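J.: Please read through the structure below; I'll follow up with questions.
The values are calculated or read from the model by the stated rules, or taken from the named source; none is laboratory data. What you see is a predicted model, and the numbers here were worked out from it, not measured in a lab. Glycine gets a Cβ as well: all are built from the backbone with ideal geometry, and neighbour counts include every protein chain shown.
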Amino acid sequence: MTNGFVRVAAATPFVKIANIDANVSEIITIAEKLEAHGVEIAVFPELCITGYTCADLFHSSLLLAKAAEGIETLLMWSRSHKIHLIVGAPVVMDGGIANCAIFLHDGEKETVVKSYLPEYNEFYERRWFVPSSKEQKAVFESHDIRIGIEICEDLWVPVPPSSYQAMQGADIIFNLSASDDTIGKYHYTKTLICQQSARCICGYVYASAGKGESSTDLVFSPKTLIAENGTLLQANDRWNPEEKFIIADIDVEALRRDRFHNTSFSECMRRHDITQSLAPLPTGVDFNYELQGRTIQQRPFVPADDNLRDERCTEIVNIQTTGLATRLSAINCSKIVIGISGGLDSTLALLVAARTFDRMKLDRKGIIGVTMPGFGTTDRTYDNAVKLMHELGISVREISIAPAVLQHFSDIGHTTDVHDVTYENSQARERTQIIMDIANAENGIVLGTGDLSELALGWATYNGDHMSMYGINVGVPKTLVRYLVHWFAVRTENEGLNKTLLDIIDTPISPELTPAAKDGTILQKTEDLVGPYDLHDFFLYYTLRYGFSSKRIFYLAKSAFKEEFDDTIVLKWLKIFFRRFFSQQFKRSCLPDGPKVGSVCLSPRGDWRMPSDASSALWLKELDEISLS
C-alpha cells in the first residue's frame with residue numbers, strides 16, 4: 001500500500017484444458033509482469049489451473065493430483081515474491097471435490113470453497129463439485145488491508161458472501177469467475193459488480209475465464225473488471241485476444257472513511273453481530289508515487305462524460321426548481337427579487353426562478369430583477385444583465401448604488417480613493433439593502449445567488465451578498481455553475497437569450513467592486529485574488545467528501561493538475577484554501593436556507609457543523625512540512 005492506495009490486477013491467462021503445467025507456467029509469466037508493474041494483489045479466473053470446462057475430467061484422479069502439484073508450484077514461487085495471488089483450482093476435500101479459490105502469499109496458502117453451484121446451463125457444477133457446507137474463513141490480511149474472496153455464482157445470490165466479508169472488514173473483494181457469454185449478460189454483470197461495490201463500500205476485482213476454454217456449446221470471453229464504491233475503474237476489451245490483465249489503484253483510505261461516515265453500514269454490522277478492529281492505515285505520503293488504472297478528475301463535481309454531465313445538470317436544475325417552488329408555495333408568495341449582475345451566479349439563480357414560475361404557472365413579471373451598477377461595473381456585464389432580464393420577460397429595475405454609497409462614505413468618514421475592504425463591502429451591503437427593501441415593499445422574498453465555492457472560501461460580504469431569504473445556489477460549486485448556465489443556453493429557442501448566456505459564460509468572474517480599466521475591461525478578477533476555482537473546488541471536494549489530510553489532498557491535486565499548475569502554485573493555493581475555509585466558518589454558521597444538490601454541502605443544519613473558532617494549524621503544519629526541492 002502507498003498513500004492509502006492498493007494496486008490490484010485482474011488477469012485472464014490463456015488456458016489449455018487439463019494441461020496443468022502449461023497453465024501454471026502462464027500464471028507465473030503474467031504474475032511476474034504484474035509484479036513489475038507494482039501490483040500487490042492479483043486475481044485469476046475460476047479453475048484457471050485446470051480450465052473451467054474440463055467437465056467429467058474433474059473426476060480424474062490424475063487431473064486432481066496434478067492440480068495439487070500446480071498449487072504447490074505456485075506456493076513455492078510465492079515465497080520469493082511480494083505479489084499475492086488468488087487462483088482457481090479443484091481441490092479434494094470432505095469426501096468430494098470442491099471448486100476453490102487459493103490465496104497464495106509469502107509461501108502460505110488459504111483456501112475458499114465456492115458457496116453456490118449453478119445448474120442453469122450444461123455446466124452442472126453439482127455433477128462434479130460439492131459446495132461449502134459450513135462457515136468458512138474468506139477474509140484475509142494482505143498488504144496492510146483485508147481482502148474478501150468469492151467465486152462466480154456467489155455474487156449472484158440475494159445475499160452474497162462478499163456482503164458479510166465487507167462487514168468483517170474486507171476492503172477489497174476478489175471474484176474468480178467463469179461466465180459464458182449471452183446477449184445482455186456482460187452489461188448485467190458490470191452493473192452487478194458496480195452495485196455490489198457500492199453497497200459494500202469496497203473495491204471489487206473480477207476475473208472471468210475465457211481464452212482457451214471449450215466452445216463446444218458456449219463461448220467464454222475473458223472479462224476483467226475493477227470497480228470501487230459504485231464506479232467502474234477499469235474494464236478490458238473482452239474480444240481482444242492480446243489483453244491479459246488490467247491494473248488499478250484502489251483508494252482504501254477513501255473506502256474506510258465512507259464506511260465510518262455511513263452509520264447504516266456499522267448498524268448493519270451490529271444487527272448481524274459482526275465486530276471488527278482494523279489496524280490504522282499507514283499515514284506517510286510518497287509524492288513520487290504514480291497512480292495506475294485510475295484518473296484523478298480535475299473537476300470532481302463535474303462529470304467528464306458529456307451525457308452524464310447533461311443528466312447531472314438536468315437533475316440539479318430540477319432539484320433547485322422543486323426547492324424554490326416548495327418554498328414559494330409554503331409561504332404563499334408569488335414575488336421574487338434578485339440582484340442581477342451579469343455574472344454566472346445571478347444568471348443561474350434567475351434562470352431557475354423563471355423555470356420555477358413557469359412550472360407554478362405564475363407570471364414571470366413577479367420576478368423583479370434589479371441591476372445596481374456601482375464603481376466597478378463594466379459595460380459588458382451591465383449590458384448582459386439588462387439583456388438577460390428583458391429576454392426572460394421579467395420585471396426590470398435599475399438603481400445605481402453610487403449616490404447612496406458616496407453618502408455612506410461621507411457618514412463614516414471614508415474616501416473613494418481608498419479601495420479597501422470597506423470600499424468594497426459598502427457596495428455589497430448597499431445592494432443587499434436595496435433588494436431586501438424592495439422585497440418588503442412587494443411582499444416578496446430575496447433570492448440569494450452565492451454558490452458553494454464562495455461559501456467555502458468566505459468570498460462573500462457578511463450581511464451583504466451573504467444574506468437572502470432563500471439561497472438557490474448554495475449547493476452548486478463554481479466549476480459546475482458554468483455548465484448549468486450552458487445547459488439552459490443550448491435548450492432555449494430564443495436566439496437573443498442564447499447569445500447573452502454564452503457571453504456571460506465567457507465573461508471573467510469578478511465582483512466588480514473596484515474601478516475597471518480605462519478601456520472598460522474588468523481588472524478585479526476573482527481567481528487572481530482568491531485563486532483558481534478549479535483548484536479550490538478540488539480541495540473542497542476532498543476535504544468535505546472524504547476528510548483527507550492536507551498532505552493527501554496535495555498529493556491528489558499534484559497528480560490531477562500536473563499539466564496545468566506547478567507544484568508550488570498548488571501548494572500556495574491549498575494553504576490559502578485551508579486558512580480561508582477555517583477563518584470564514586462564521587459566515588456559514590448563519591446561512592439562509594437553500595437546497596443541497598450533491599454529496600457535498602456546507603449547510604450548518606445538515607452536512608457541515610464546525611465551530612467558527614476552530615483552528616487550521618494542524619492542516620497548515622502538514623503543508624509546511626512538504627519539501628518541493
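J.: What number of residues in region 576-595 are out of contact with any strand residue (DSSP E or B) (no Cβ under 9 Å at 6 or more places or on another chain) and surrounded by fewer than 18 Cβ atoms within 10 Å (Cβ to Cβ)?
T.: Qualifying residue count, region 576-595: 6.
J.: What single numbered condition from (1) under 39 Å from the mean Cα position of the chain (by Cα); (2) of a type in the set (A, V, I, L, M, F, W, C); (3) on the phi < 0 side of the Ramachandran plot fails to hold for ALA68?
T.: Failed condition: (1).
J.: Only one of these is closer than 18 Å to GLY339 by Cα and either within 21 Å of the chain's Cα centre (by Cα) or aromatic (Phe, Trp, Tyr) (or both): TYR470, TYR533, TYR483. Name it. Walk me through it before giving the result.
T.: Numbers: TYR533 fails: closer than 18 Å to GLY339 by Cα; TYR483 fails: closer than 18 Å to GLY339 by Cα.
Selected residue: TYR470, the only one of TYR470, TYR533, TYR483 that is closer than 18 Å to GLY339 by Cα and either within 21 Å of the chain's Cα centre (by Cα) or aromatic (Phe, Trp, Tyr) (or both).
J.: Have a look at ALA89, ALA170, ALA67, ALA101 and point out the one that is buried (at least 22 other Cβ atoms within 10 Å of the Cβ) and in a loop (DSSP other than H, G, I, E, B).
T.: On the way: ALA89 fails: in a loop (DSSP other than H, G, I, E, B); ALA67 fails: in a loop (DSSP other than H, G, I, E, B); ALA101 fails: in a loop (DSSP other than H, G, I, E, B).
Within the list ALA89, ALA170, ALA67, ALA101, the selection yields ALA170.
J.: Given ALA614, ALA560, which one is more than 25 Å from the chain's Cα centre (by Cα), farther than 18 Å from ASN473 by Cα, assigned by TED's automatic domain parsing to the domain that holds ALA325 and not acidic (Asp, Glu)?
T.: Residue meeting the stated conditions: ALA614.
J.: Return the only residue of ARG431, ARG380 being at pLDDT below 95 and surrounded by 18 or more Cβ atoms within 10 Å (Cβ to Cβ). Walk me through it before giving the result.
T.: Working: ARG431 fails: at pLDDT below 95.
Matching residue, one of ARG431, ARG380: ARG380.
J.: Which residue, of HIS59, HIS37, is in the same structural domain as CYS202 (by TED's automatic domain parsing) and either modelled with pLDDT under 95 or of a type in the set (Gly, Ala, Ser) (or both)? Steps first, please.
T.: On the way: HIS37 fails: either modelled with pLDDT under 95 or of a type in the set (Gly, Ala, Ser) (or both).
Exactly one residue qualifies, and that residue is HIS59.
J.: Can you pull out the helices (runs of 4 or more DSSP H) entirely within region 555-629 that have at least 2 residues that are of a type in the set (Val, Ile, Thr)? Steps first, please.
T.: Details: elements: 567-583, 585-588, 617-624.
Answer list for region 555-629: 567-583.
J.: Regarding GLY366, is this residue surrounded by 17 or more Cβ atoms within 10 Å (Cβ to Cβ), touching a residue at least 24 places away in the same chain (Cβ under 8 Å) and under 34 Å from the mean Cα position of the chain (by Cα)? Let's see the steps before the verdict.
T.: Working: surrounded by 17 or more Cβ atoms within 10 Å (Cβ to Cβ): yes; touching a residue at least 24 places away in the same chain (Cβ under 8 Å): yes; under 34 Å from the mean Cα position of the chain (by Cα): no.
When the stated conditions are applied, GLY366 does not pass them.
J.: Looking at region 426-449 only, could you name the residues that are in contact with a Gly (Cβ under 6 Å, 6 or more places away or on another chain) and in contact (Cβ under 8 Å) with a residue 60 or more places away in the chain? Give the derivation first.
T.: Keep residues of region 426-449 that are in contact with a Gly (Cβ under 6 Å, 6 or more places away or on another chain), which gives 427-429, 431-432, 435, 448.
Within region 426-449, GLN427, ALA428, ARG431, THR432, ILE435, GLY448 qualify.
J.: Turning to a different aspect of this structure: Identify all residues within region 542-554 that are assigned to a helix (DSSP H, G or I) and over 10 Å from ALA456 (Cβ atoms); write none if there are none. Give the derivation first.
T.: Here is the first cut: in region 542-554, the residues assigned to a helix (DSSP H, G or I) are 542-544, 550-554.
Result: TYR542, SER550, LYS551, ARG552, ILE553, PHE554.
J.: Just to verify a result, which residue in region 189-213, among those that are under 27 Å from the mean Cα position of the chain (by Cα) and either modelled with pLDDT under 95 or of a type in the set (D, E, K, R) (or both), is nearest to ASP251 (Cα to Cα)?
T.: ARG199
J.: Check region 34-50 and report whether any residue there is crowded, with 20+ Cβ neighbours inside 10 Å and either of a type in the set (Ser, Thr, Tyr) or without any contact (Cβ under 8 Å) to a residue 12 or more places away in the chain (or both).
T.: Checked region 34-50: at least one residue is crowded, with 20+ Cβ neighbours inside 10 Å and either of a type in the set (Ser, Thr, Tyr) or without any contact (Cβ under 8 Å) to a residue 12 or more places away in the chain (or both).
J.: Turning to a different aspect of this structure: If only one of ASP534, ASP519 is out of contact with any strand residue (DSSP E or B) (no Cβ under 7 Å at 6 or more places or on another chain) and part of a helix (DSSP H, G or I), which one is it?
T.: Details: ASP519 fails: part of a helix (DSSP H, G or I).
Going through ASP534, ASP519 in turn, just one is out of contact with any strand residue (DSSP E or B) (no Cβ under 7 Å at 6 or more places or on another chain) and part of a helix (DSSP H, G or I): ASP534.
J.: If you take just the helices (runs of 4 or more DSSP H) that sit entirely in region 249-352, which of them hold at least 2 residues that are out of contact with any His (no Cβ under 9 Å at 6 or more places or on another chain), free of Cβ contacts under 8 Å to residues at least 12 places away in the same chain and hydrophobic (A, V, I, L, M, F, W, C)?
T.: Per the criteria, 306-330.
J.: If we scan region 500-517, do we find a residue that is surrounded by fewer than 23 Cβ atoms within 10 Å (Cβ to Cβ), in the same structural domain as LEU344 (by TED's automatic domain parsing), closer than 23 Å to GLU311 by Cα and of a type in the set (A, V, I, L, M, F, W, C)?
T.: There is at least one residue in region 500-517 that is surrounded by fewer than 23 Cβ atoms within 10 Å (Cβ to Cβ), in the same structural domain as LEU344 (by TED's automatic domain parsing), closer than 23 Å to GLU311 by Cα and of a type in the set (A, V, I, L, M, F, W, C).
J.: Taking LEU233 as meeting all but one of (1) under 22 Å from the mean Cα position of the chain (by Cα); (2) hydrophobic (A, V, I, L, M, F, W, C); (3) surrounded by fewer than 18 Cβ atoms within 10 Å (Cβ to Cβ), write down the number of the exception.
T.: Against the list (1) under 22 Å from the mean Cα position of the chain (by Cα); (2) hydrophobic (A, V, I, L, M, F, W, C); (3) surrounded by fewer than 18 Cβ atoms within 10 Å (Cβ to Cβ), LEU233 comes up short only on (3).
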